[in-house]
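The values are calculated or read from the model by the stated rules, or taken from the named source; none is laboratory data. This one's a predicted model, so the numbers in the text were calculated from it and none came from an experiment. When we count neighbours, we look across all protein chains shown, and the Cβ atoms used for this are built from the backbone with ideal geometry, even at glycine. Calculation scope for accessible area: heavy atoms of the full protein, side chains included, ligands and nucleic acids excluded. Shrake-Rupley method; radii C 1.70, N 1.55, O 1.52, S 1.80 Å.
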Number of protein chains: 2
Amino acid sequence: MKKFINDPKAFVPEMLKGLALANPDTLTYDSNFNLIARADSPRNDKVSIVQGSGSGHEPAHVMVVGKGMLDAACPGDVFAAPPADFVLEAARRVKSDKGVLLLVNNYTGDKMAFEMAEELAAAEDIKVRTLFIDDDVAVKDSTYTIGRRGVAGNFFVIKAVGAAAEAGADLDEIVRIGEKVNSVTRTMGVALTACTPPSKGSPLFEIDDDEIEVGVGIHGEPGRRRAKLVSANEIVAELLQSVVSDLPFSQGDDVALMINGLGGTPISELYLLYGIAHEGLTQKGITVGRNYVGEYCTSLDMAGASLTLVKLDDEIRELLAAPAEIPVRVF
Amino acid sequence: MKKFINDPKAFVPEMLKGLALANPDTLTYDSNFNLIARADSPRNDKVSIVQGSGSGHEPAHVMVVGKGMLDAACPGDVFAAPPADFVLEAARRVKSDKGVLLLVNNYTGDKMAFEMAEELAAAEDIKVRTLFIDDDVAVKDSTYTIGRRGVAGNFFVIKAVGAAAEAGADLDEIVRIGEKVNSVTRTMGVALTACTPPSKGSPLFEIDDDEIEVGVGIHGEPGRRRAKLVSANEIVAELLQSVVSDLPFSQGDDVALMINGLGGTPISELYLLYGIAHEGLTQKGITVGRNYVGEYCTSLDMAGASLTLVKLDDEIRELLAAPAEIPVRVF
């Protein structure tokens, strides 16, 4: 295993400590709960937004805690849901009279942890709601999921509800916005290589030098099919076709287009993919109104990328364009 | 070779086209010269800043063209200096009564191209100066270099001269600032894996599964030594010791600390390294006044990282903190 690492068991806390040391004015860190929170939380004048999920997807979600995005994140270990008590503690720390929204990518483990935490928080009279994100079109059910998986599209839900919360929207309104953004967001990814979880020490799955996994999950779960490595043009064509036909997106639509790197793919290749996807959409009569190129939701050191489309309207456009201040720039 | 790529010969132009399509309001692209320029250039009220260098180091330098940073970049092919006529054309496009500064990382090929371009530009009555960056402490001479190499520290020179140019400083003053920042900037890197240039199609050098290259160059040039893979703590200790002792940085100094990913290393590992480096500096009585964690100057898909320190004073601190607007966020 070739990583910058000390003890694999300390990988997540050491990363979180580095993140906190790099952002002393804006973030706080509680190592007992893997808890990264805004330094200015709790704030009673806004709904608080919390996301957990496993680690290994950075910058999601600990690195998007900040003004206009998340109020707190409480990741589990690499590719593992956070314990319910991490989520409960996060909800306690950022609880607000206006309420707390728990965002959950749709995986069975995360769903269980968050639903239990929601129940426990409600028992403590914390006003709380939960919202599930499931933007991955690749497969219906999967290794760790009943229903669709939540992947890089979660960024758009976080950004939209974060902006609405900052603007003072109430909890019902924020849930409405989050569900709406999730309902018009679609993603599909492709892996060129497997990733290596620190505690495993070896690649998560076998893949030949001339193979790719089309529709891969962000924990290395199988996608639609194992295929031969083809050109960037052919890969983008397949991702676009799968994503566009799913909503479906159609001629005249204005969309946000995201090319998300899975961790081991350099930004040069991501811009190359972006150009192909932009032109492909233009040919379909779909306008790219906003674009996002970089790493948003990764899978450790996996070489690969995903393509996300969001159907824009005035409301979503405005929420995505609102200012935000987080450790890494992702918009 | 596992990359998102069509024809390897089209790798750079396809990346640049994607970059231009993603930034239609702020950037222009001329495919004849690999030329990415600010859409609002030339501007006669400021010195223009140009950087070429080979491709494969993205976001350096094409993705830091924008307000407060570069006015234009004209990269060569992957790891190849731009032809002198690319540099000359870039200087023509952004020429200003206040002058043009050409920034060059210290490699023999780049030096030749830029010095020839400077001569040709001067013959066309373009007011032009050239500044060399050589922040890498690893080795004195190297495969492609007489003297020290320019690596990720070039970001700080670009940021400082870009801010000074935006504030209206004249060419002499900007050269003074650039030389000053370069004189207090030191970097050393380490590779865990080799990178694969598109046209070669296979890794640039051999490295065993339990080996690292300490002091690696950003084109995969040999560093100080081949070593056994050790813990992140030990790697950071060696990088810090090499960098700190070189200027030297000493107790009471206020520094900018950058942990730069070389392309294939996920940001989780970079923050882990950051935490270790921050604590190591604190133990030495050196204060981290500004920090930078992410990809600034990469080596294609190489897994690895570099550590840069800049000695801060009021002038440099202010220039680094000045606003800038570029496609990717690197500060």
Which three extents, in whole angstrom, do the alpha-carbon atoms of the range A:182-283 cover along their principal axes, largest first?
48, 28, 23
Farthest towards the positive end of the dipole of the range A:144-260, among A:Leu204, A:Val190, A:Ala152 and with Cβ unit charges of +1 on Lys and Arg and -1 on Asp and Glu, lies the Cα of A:Leu204
Test item: Cα-centred dipole of the protein assembly as shown, Lys/Arg +1 and Asp/Glu -1 on Cβ, debye:
20
What is the set of long-range amide H partners of A:Ser299 at a cut-off below 5 Å, with H atoms built 1.01 Å from backbone N?
A:Gly263
Please work out, to two decimal places, the log10 of the ratio I(q)/I(0) at q = 0.12, 0.14, 0.21, 0.22 Å⁻¹ from a Debye calculation in which every Cα of the range A:215-331 carries one identical scatterer.
-0.44, -0.61, -1.31, -1.39
Taking R0 as 56 Å, what FRET efficiency do you get between A:Ala322 and B:Asp141 from their Cβ-Cβ distance, rounded to the nearest 0.05?
0.65
Label geometry 7 Å along the beta-carbon vector: B:Pro203 inter-copy distances in nm:
1.2
Taking H as built 1.01 Å from N, whose amide H comes closer than 5 Å to the amide H of B:Ala80, not counting residues under 5 places away?
B:Gly54, B:Ser55
Tell me which of A:Ala227, A:Val175, A:Val214 sits at the most positive position along the dipole axis of the range A:173-257, charges placed on C-beta atoms (Lys, Arg +1; Asp, Glu -1).
A:Val175
Proximal charge balance of A:Gly201 [Cβ under 11 Å; K/R count +1, D/E count -1]:
+3
As an exercise, use a Förster radius of 41 Å and the Cβ-Cβ distance of A:Arg129 and A:Gln251 to find the FRET efficiency, rounded to the nearest 0.05.
0.70
Keeping every protein chain in place, order A:Arg224, A:Arg317 by accessible area at 1.4 Å, biggest value first, i.e. largest first.
A:Arg224, A:Arg317
Mean separation of Cα pairs under 8 Å and 6+ residues apart, divided by the residue count of chain B: what relative contact order is that in percent?
18
Two-decimal Rg/Rh across the range B:10-183, once Rg and the Kirkwood Rh are taken from alpha-carbon atoms:
0.93
Rounded to the nearest 100 Å², what is the sum over both chains of accessible area buried where B meets A, with a probe of 1.4 Å?
4600
Total charge dipole magnitude, the range A:175-331, about the Cα centre, Cβ charges on Lys, Arg, Asp, Glu only, Debye to nearest 20:
260
Copies of B:Thr287 compared via label points 7 Å along Cα→Cβ give distances in nm, shortest first, of 5.1
Of B:Pro83, B:Val161, B:Ser142, whose Cα points farthest to the positive end of the dipole of the range B:10-183 (charges on the beta-carbon: +1 Lys, Arg; -1 Asp, Glu; origin at the Cα centre)?
B:Val161
To the nearest µm²/s, what D does Stokes-Einstein give for chain B at 20 °C and 1.002 mPa s, using the Kirkwood radius over alpha carbon pairs as Rh?
109
Could you give the accessible area per residue of the protein assembly as shown, probe 1.4 Å, as a whole number in Å²?
34
Sort out for me the Cα centre separation of the range A:259-306 from the range B:195-219, rounded to whole Å.
25
Accessible surface of the protein assembly as shown [probe 1.4 Å, protein heavy atoms]: carbon and sulfur percent
49
Please give me the summed charge of the neighbours of B:Phe33: other residues whose Cβ is under 9 Å from its Cβ, Lys and Arg +1, Asp and Glu -1.
-2
What FRET efficiency comes out for B:Glu173 versus B:Gln283 if R0 is 35 angstrom and r is the Cβ-Cβ distance? Round to the nearest 0.05.
0.40
Note on the range B:10-183, DSSP bridge orientation, antiparallel percent to nearest 5 equals 35
Per-residue ellipticity at 222 nm for chain A, helices alone: DSSP H runs ≥ 4 residues times -39500 (n - 2.57), over residue total, nearest 500 deg cm²/dmol?
-10000 deg cm²/dmol
I want to check the label-to-label distance for B:Asp208 and A:Glu115. Put each point 7 Å from Cα in the C-beta direction and report it in nm to one decimal.
5.2
Order B:Met1, B:Met302 by their accessible area, 1.4 angstrom probe, all chains in place, largest first.
B:Met1, B:Met302
Teacher prompt: B:Ala10 distances to equivalent labels in other copies, 7 Å Cα→Cβ, nm
4.9
What pairs in A:Lys98/A:Lys127; B:Lys95/B:Lys127; A:Lys284/B:Lys3; B:Lys98/B:Lys180; A:Lys67/A:Lys111; A:Lys284/A:Lys311 have C-alpha atoms more than 18 Å from each other?
A:Lys284/B:Lys3; B:Lys98/B:Lys180; A:Lys67/A:Lys111
What order do B:Val78, B:Val255 take when sorted by accessible area (1.4 Å probe), most exposed first?
B:Val78, B:Val255
So what does B:Asp125 come to for accessible area, using a 1.4 Å probe and Å² rounded to 10?
140
Looking at chain B only, what percent of DSSP beta bridges run antiparallel? Nearest 5 please.
55
Calculated on alpha-carbon atoms, Rg and Dmax of the protein assembly as shown in Å:
23.8, 79
